[in-house]
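Notes follow once the structure below has been shown.
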Amino acid sequence: MGKTTLTRAVGHPLARIEALEKVTGAARYAYEHGGEDVAYAWIVGAEIARGRVRAVHDGRARSAPGVLDVLWHANAPRLRDTDDDELALLQSPEVSYRGQVVAVVVAQTLEDAREAATLVDVDYEAERHDVLLRPDHPKLYTPESVAGVPPTPADTAHGDFDSAYRDAAVKLDATYETPAEHNNPMEPHATTAAWEADGSLTVHDSTQGASDVRAALAALFGLEPNQVRVIAPHVGGGFGAKGTPRPNVVLAAMAAQAVGRSVKLAITRQQMFQLTGYRTPTIQRLRLGAGTDGRLVAIAHDVVEQTATIREFPEQTAAATRMMYAAPNRRTTHRIVRLDVPANSWLRAPGECPGMYALESAMDELAVACGIDPIELRMRNEPDTDPEEGTPFSSRNLIACLHEGAERFGWADRDPTPGARRDGRSLVGSGVAAATYPAWRAPSQAVARALGDGRFSVGIAAADIGTGARTVLTQIAADALGVEPDRVELVIGDTAQPRAPVAGGSSGTASWGSAVLGACEALRREGGDEASYDTAEDIERQEDFSRHAFGAHFAEVRVDVDSGEIRVERMLGVYAAGRILNPLTARSQFIGAMIMGISMALHEESVPDREFGDYVNHDLAQYHVPVNADIRELEAHWIDEHDPHLNPMGSKGIGEIGIVGTAAAVANAVFHATGLRFRTLPIRPDRVIEGLPNA
Ligand code: MOS
């Protein structure tokens, strides 16, 4: 690639380009399409958690007002094979979890469809279900690999953990538990689907990856990829829930095929708890062996988690433990069990987020056991190279983040004694935790076009799910073309544009930005009307480095001794995430993720329904997320990091690192405030009250 200097637009706080469109309602989302003739679909979910559908009596529904069709496994369009059984919708009578789609009603209006859905009478043959994760579940097994890019072995071992741990001067053995958590983006999953006269399919879908949705639909409906167009210019959040094609897009296309009209299908907020993924609950045993100086000699991280019978997703919970701290003897394991539950999947920083909650809590416990400041403890265990891979880090500035954070937060004044600061009926404390997230990129293509009047158009099937991706890509393109950002229009979220990878794994800007830069440089260099670029070969040529972003989270909490309520009075995150391309949108990514981390620590919990399957608290009345009153002072900063081994922009992903370690910082602060270690999330008032002595 050329020698573009990315400084004129890149690095500046350009406001979101589509902000006006969004706040005035001009921006159209997936459900806001379809002509006069559009029909509406409504999902009927299974009432059992395991078994099969014996019969569907759809007569009453079919004769209800406005009903066009009722689809179920005996009459639905046949789909081609897919390797994702979750998308083989209405193809078999088997029921794998409560809420699984067993029928879809299509009608003239939304109200007609919804009303008729209550009239569909499904006859089930139920079997006993098992939806509870337990550490001694007899069906636990070792998955072939755990998720990640690329997937990695379920277990790793270096040195001799058992003897090193046995002989260690200081030992910590603690088990941490995190509940299932559900993605709740503002915009529920929705699709408008239409079949054209020539047999091609067009869908407006709420997705993080239009190109991936196109590939899935082409495979399921037996079409060539160029016969499918997926359009998603605006997406109201995702957090991983829209990272893979979901039932809505397949069902809308099936329904549209069946009735010969455009069809809209939206998943309700309640159905999202069943149909669009969630973070697995985890049970994590951490064992740390250290010298009296706090230097680790042994680390073991043993994970138990769940997945679904319908689809295996083995989350890489111990992945960060493999690269975080130095120790000659180390071991990580993952054991999973397939339960009769909805399919688990990605939720912001899958793996790193729950895993680092446990590791960073254990590090805090070790610091207390050794009588060493938790920041000093982390400095003493800083590795020179990746501890398991042996590769050099492309850049690793964890210690700089800890130092800068300590200074800004006022850590030096902290009295380490737990439970020692009382302010009226409150206990006050502070805590710290480290963060890390991998920096990678996937192959991407882009096209740049000169429009002839000094304006340019850049096309790429990237997704802006509220992150500011469209804006940052515009900045990159503007600098590469040597023009002001207002001369460049980014056309994204449309498979009519060149193929792009998913907005996931905090890799979007790195992946798409490289392609946009390449296309714009080529256009500028070669002249002409149009130039394309594909980054596939650049990525093959990459050197062997361990590439990760790092960060440090600091939290101050106030614990009410009467109610057990915890308030995070202030939180600070300091990040080393390569070059920050737009400080305005980056700050939003960081603080948004920190809020989600506070939420993980104190609020979010999907409670399994032992009796009926699925989750009990499947709506926003019962599934708690923080509101404005829960969030007080939040600050995000970053250090100037120059890493030449990443991508032409020198950026690392920033979408996920802000949540990693946040929950541990809060939990560590709660320990410092109360002297009590809560190892199960969320740290609910009832748990706090139970633990607190009569104060
Ligand atoms: Mo994110 S969970 O990689 O969409």
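What percentage of the solvent-accessible surface of the chain, computed with a 1.4 Å probe over protein heavy atoms, is contributed by carbon and sulfur atoms?
That share works out to 48 percent.
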Handout entry: Accessible surface, 1.4 Å probe, highest first, among residues K139, K171
Key = K139, K171
Problem - log₁₀ of I(q)/I(0) at q = 0.21, 0.24, 0.29 Å⁻¹ - the stretch 156-221, Debye sum with one point per alpha carbon - result: -1.01, -1.14, -1.28
Handout entry: Dipole moment magnitude, nearest 20 debye, the chain about Cα centre, only Lys, Arg, Asp, Glu C-beta charged
Key = 440 debye
Completion exercise
With the convex hull built on the alpha-carbon atoms of the stretch 33-160, volume per residue in Å³ sits at 172 Å³
Problem - Cα-centred dipole magnitude for the stretch 459-575, charges only on beta-carbon of K, R (+1) and D, E (-1), debye, nearest 20 - result: 160 debye
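Over the chain, how many pairs of lysines fall under 30 Å by alpha carbon, counting only those 8 or more apart in sequence or from different chains?
7
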Problem - A636 long-range amide H proximity, modeled H, under 5 Å - result: G573
Problem - Listed residues T535, T202, T5 arranged by accessible area, highest first, probe 1.4 Å - result: T5, T202, T535
Practice task
Scale the Cα Rg of the stretch 166-318 by the rule-of-thumb value 2.2 N^0.38 Å and send over the ratio, two decimals.
Solution key: 1.48
Handout entry: Taking all pairs of distinct alpha-carbon atoms in the stretch 453-522, Kirkwood radius in angstrom
Key = 11.9 Å
Practice task
Treating only the Cβ atoms of Lys and Arg (+1) and Asp and Glu (-1) as charged, compute the dipole magnitude of the stretch 608-695 about its Cα centre; round to the nearest 20 debye.
Solution key: 360 debye
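What number do you get for the stretch 1-106 when its Cα radius of gyration is normalised by 2.2 N^0.38 Å, N = residues?
For the stretch 1-106, the normalised Cα radius of gyration comes out at 1.75.
Might you tell me the accessible area per residue for the chain, computed with a 1.4 Å probe and given in Å²?
With all protein chains present, the chain gives 38 Å² per residue.
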Problem - D_trans [Stokes-Einstein, Kirkwood Rh over alpha-carbon pairs] for the stretch 299-420, 20 °C, 1.002 mPa s, µm² s⁻¹ - result: 129 µm²/s
Handout entry: Cα lying deepest toward the dipole's positive end in the chain, options S506, H204, G429, charges on Cβ
Key = G429
Completion exercise
Reported to the nearest 10 Å², H624 has, with a 1.4 Å probe, an accessible area equal to 100 Å²
Problem - Stokes-Einstein D for the stretch 497-585, Kirkwood Rh over Cα pairs, 10 °C, 1.306 mPa s (µm²/s) - result: 92 µm²/s
Problem - Per principal axis, descending, Cα span of the stretch 554-642 in whole Å - result: 54, 33, 18
Problem - Alpha-carbon gyration tensor eigenvalues x 5, square-rooted, for the stretch 416-501, Å - result: 47, 16, 12
Problem - In nm, spacing of pseudo-spin labels at M379 and I689 (7 Å Cα→C-beta vector) - result: 4.3 nm
Exercise for the section: Provide, for q = 0.05, 0.09, 0.10 Å⁻¹, the log10 of I(q)/I(0) from a solvent-free Debye sum over equal Cα point scatterers in the chain. Expected result: -0.24, -0.80, -0.98
Fill in the blank from the handout: Shape descriptor, the stretch 571-695: equivalent ellipsoid semi-axes (Cα gyration tensor, sqrt 5λ, whole Å, largest first) stand at 33, 19, 13
Completion exercise
For the stretch 641-650, Karplus-derived ³J(HN,Hα) couplings (6.51, -1.76, 1.60; θ = phi - 60°; whole Hz; x for glycine and proline) come out as 10, 10, 10, x, 9, 9, 6, x, 8, x
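The values are calculated or read from the model by the stated rules, or taken from the named source; none is laboratory data. Since the structure is predicted, the reported quantities are computational estimates derived from the model, not experimental observations. Neighbour counts are summed over all protein chains in view; Cβ atoms, including those assigned to glycine, are modelled from backbone coordinates with ideal geometry. Note: areas computed on protein heavy atoms with side chains; ligands, DNA, RNA excluded. Shrake-Rupley method; radii C 1.70, N 1.55, O 1.52, S 1.80 Å.
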